Amino acid sequence: MASIAETAGDILAIAKGLSVTLRHLFKKPVTLQYPEVKPVLPPRHRGRHELARHENGLEKCVGCELCAAVCPAYAIYVEGAENPPDNPISIGERYAKIWVVNYLRCIFCGFCVEACPTEALQMKHIYELSEYTRAATIYTKEMLLQPVPKKDPADSWMPG
Amino acid sequence: MLDVVIEAAIKSAIVIWALLTAFAYLTLTERKVMGRMQARIGPNRVGPFGFFQPVADGIKLVFKEDVIPAQADRIIHTLAPAVSIIPAVIIFAVIPIGPPVTLFGREIKLQIADINIGYLYVAAIASLAVYGIVLGGWASNSKYSLLGAMRSSAQMISYELAQGLAVLSVILMAGSLSLNRIVELQLHGLWNIIPQFLGFIVYYIAGIAETNRAPFDLPEAEGELGAGYHTEYSGFKWSAFFMAEYVNMVNISALVTVLYLGGWAPGWIFPPIWFLLKVAFLLLVFIWLRATLPRLRYDRLMALGWKILLPLALLNLFATATVVALT
């Protein structure tokens with residue numbers, strides 16, 4: 001048999017626990033009503049990639065494949081090609097002919113962004129990346145490219 | 001004669017409807033209140049504030065496949081949920097929820113059957129509830145079900161003793177087994193919770209154990225038994241077991257109200273309201289305890305029942321008997 005003091009302590013412990021749950025009953029729940037209410041992401045959140053463009057619309061990516069080389073999950077596949085001289089796609093000599101990420105493999109570590117020498121690769125706040133098939137989770141360059149910036153008349157001196 | 005039968009039939013229909021609705025909305029209340037206690041919201045998708053969640057749950061459960069294991073005893077497996085739910089519902093027949101009212105020039109008691117053996121009937125029927133669980137566990141032919149059922153029978157029989165002894169003190173004070181008489185005495189004097197505080201504590205704890213509710217939910221221990229006596233049940237038969245559990249919660253709350261909290265006292269305006277408020281409060285305590293306390297270990301459960309509650313109830317009985325004999 002436990003002593004009286006021990007029993008009293010046990011009962012006190014139960015009362016303490018009950019008070020905790022009772023106090024929580026009147027607190028605001030922490031639940032986020034997700035599809036209706038979106039979370040506020042930290043500014044440096046690593047979400048889906050984006051391939052940036054220069055202000056003149058040319059791609060920043062030069063097809064160097066450093067991102068694919070550094071990727072610990074082997075999620076990125078890049079195939080570079082020579083820029084066509086009459087209609088350049090990027091500013092360098094080469095551009096990325098194929099640039100795909102497999103989002104089933106990607107671990108969102110951001111090493112690719114670190115490795116990118118031209119700051120072409122960025123990670124955005126896009127996190128809703130669910131798809132119905134495995135094949136659909138492989139995002140191609142077309143899906144990840146930043147849209148061509150609208151031409152500003154003030155910038156008309158720039159080439160392209 | 002016929003009018004008595006019709007009256008009883010109407011009252012029975014109302015009580016069954018009320019108990020089953022109470023079961024449905026008790027599940028919603030439990031999920032909501034427990035959710036808030038855990039800083040969550042709880043179900044809120046079906047209808048406004050999740051009000052139709054029990055309806056959705058019911059439809060889901062009815063349409064679920066009714067699995068009977070190949071080695072199970074088919075007849076008993078099917079019968080067990082019924083054996084479990086019937087005692088739960090018929091206990092309420094003797095519980096008075098208010099003083100008699102006059103309706104259509106007829107005096108109607110707010111109780112289906114005012115029998116003078118009152119609590120004896122409750123104790124007898126409540127003991128039957130264990131059969132549903134034991135038969136369900138045995139008929140499933142699964143070791144987890146059987147273990148859950150064994151635990152449950154041991155637990156329910158152990159706690160019935162303490163519960164019976166606690167009630168005996170109240171019966172001694174009232175000098176009657178009739179629940180009406182017990183309430184009447186409290187209407188004019190002190191509520192039994194004051195002179196019988198020890199008995200109240202013992203009765204309520206034993207009541208929680210009787211209904212297999214947390215922290216005494218060992219028969220349903222998900223972690224160790226994979227659910228316990230209802231492991232092999234699905235669909236509507238599974239929900240019948242839970243119907244029995246929740247209706248028993250209502251029963252225990254109603255009995256505590258009648259025995260210790262003065263029934264419908266103080267009885268202003270509309271007496272049944274007082275009764276229902278007290279029952280609702282006790283049900284919230286059930287939920288509150290579940291949201292707070294972890295499950296007891298099996299030996300501790302038995303020790304609490306036999307070594308603490310039973311001696312306390314006996315002590316209380318001795319003290320009450322002495323006082324009653326001297327006055």
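Each value in this text was obtained by applying a stated rule to the coordinates, not by laboratory testing. Small disclaimer: the values here were computed from a predicted structure and weren't measured. Note that each Cβ is placed from the backbone with ideal geometry, even for glycine, and that neighbours are counted across all protein chains shown.
Observations
- Degrees, to the nearest 10: B:2-37 long Cα axis against longest axis of chain B: 60 degrees
- Residues in the range B:259-299 reached by a label modelled at B:Val101 [backbone nitrogen below 12 Å; 7 Å Cα→Cβ]: B:269-274
- With respect to chain B, whose longest principal axis is taken over its alpha-carbon atoms, helix B:74-90 is tilted by about 30°.
- Computed over the range A:49-149, relative contact order equals 37 percent, with contacts defined as Cα pairs under 8 Å that lie 6+ residues apart.
- 10 Å Cβ neighbours from other chains, averaged over peptide B:36-42: 6
- Compared with the dominant principal axis of the Cα atoms in chain A, helix A:4-25 is inclined by about 40°.
- Sorted fewest first by neighbouring Cβ atoms within 10 angstrom, B:Val250, B:Val101 come out as B:Val101, B:Val250.
- Relative contact order computed over the range B:27-144 (Cα-Cα under 8 Å; 6+ residues apart), in percent: 26 percent
- The alpha-carbon of A:Lys150 sits under 17 angstrom from the alpha-carbons of these lysines, leaving out residues fewer than 8 places away in its chain: A:Lys60.
- The residue among A:Cys109, A:Ala81, A:Trp99 whose Cα reaches farthest toward the positive pole of the charge dipole of the range A:49-149, with charges on the beta-carbon of Lys, Arg, Asp and Glu, is A:Cys109.
- Within a Gaussian network of chain A (alpha carbon springs, distance under 10 Å), most fluctuating of A:Val113, A:Val40, A:Val70: A:Val40
- Among B:Tyr204, A:Tyr139, sorting on how many other beta-carbon atoms sit within 10 Å of each Cβ, with the fewest leading, yields A:Tyr139, B:Tyr204.
- Convex hull of the range B:12-112 built on C-alpha atoms - directionally averaged projected area, nm²: 10.4 nm²
- Base-10 log of normalised Debye intensity for chain A (one unit scatterer per alpha-carbon) at q = 0.10, 0.17, 0.20 Å⁻¹: -0.54, -1.05, -1.28
- Size of electric dipole in the protein assembly as shown: Cβ of Lys, Arg +1 and of Asp, Glu -1, about Cα centre, debye, nearest 20: 700 debye
- Exposure proxy ranking, count of Cβ atoms within 10 Å, fewest first, for A:Thr21, A:Thr137, B:Thr327: B:Thr327, A:Thr137, A:Thr21
- Among the listed pairs A:Lys27/B:Lys64; B:Lys32/B:Lys109; B:Lys11/B:Lys237; B:Lys109/B:Lys278, a Cα-Cα separation exceeding 29 Å is found for A:Lys27/B:Lys64; B:Lys32/B:Lys109.
- Length-normalised contact order for chain B - Cα pairs under 8 Å, 6+ apart - percent: 23 percent
- Percentage, to the nearest whole number, of Cα pairs in the range B:204-264 over 16 Å apart: 51 percent
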